[in-house]
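The values are calculated or read from the model by the stated rules, or taken from the named source; none is laboratory data. As the structure is a prediction and not an experimental result, all values here were calculated from the model. SASA here: full protein model, heavy atoms, side chains in, ligands and nucleic acids out. Shrake-Rupley method; radii C 1.70, N 1.55, O 1.52, S 1.80 Å.
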Amino acid sequence: MAFTWNETGLKLVLYGSQGPVVRLVERLTDNTFEATVALCPKRSGRTSRSFKKEVDVVDGFVVGRVWSDDPVVEWLEKGTGIYGPRRRRIYPRRARALRWEDGGQVHFAASIRGMEAQPFMKRALQIGTAGYGTVRDGR
């Protein structure tokens, strides 16, 4: 018994817009996106509304992405000041003191320790892809 592969047809089934691999990655990406928005720390909601998602076929791989261009996301995920990648206090660059508002009150400080990391995106990736083997959080 002999048969021949229809390579074009196989690629269409696997990687086409209605193929099972693309549909699975779309579902996992949607799950991860929803978990990301739900777990994102919120004050105004601007950061959680900044997330985007996409599924694409790149070099024969079906890739799902969830991301935000808002720099606050990186600060939340990695931490700032002594808790962040630089491991040092935060000082003002052009002023004598840092100024911020919290709950209607204005605060001033010569420096601050920073904010501990809140790795919600990593948790969202784990929740969104639970049960589907190894998942890589890349860039």
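Details
- Taking each DSSP H run with n ≥ 4 as -39500 (n - 2.57) and averaging over every residue of the chain yields -10500 deg cm²/dmol at 222 nm.
- Calculated diffusion of region 30-73, Stokes-Einstein form, Kirkwood radius summed over Cα pairs, 20 °C and 1.002 mPa s, µm²/s: 188 µm²/s
- Percent of C-alpha pairs per 5 Å bin in region 67-137, short distances first: 4, 14, 16, 18, 19, 11, 7, 5, 4, 2, 0.
- Scaling against 2.2 N^0.38 Å puts the C-alpha radius of gyration of region 1-120 at 1.65.
- Result for the chain in a Gaussian network model with C-alpha springs under 10 Å: among Gln18, Gln126, Gln118, the largest mean-square fluctuation is at Gln18.
- Heavy-atom accessible surface of region 1-110: percent carbon and sulfur, 1.4 Å: 53 percent
- Of Val106, Val22, Val72, the one that fluctuates the most in a GNM where the chain has Cα springs shorter than 10 Å: Val106
- Accessible area expressed per residue, the chain, with surrounding protein chains retained (probe 1.4 Å, Å²): 78 Å²
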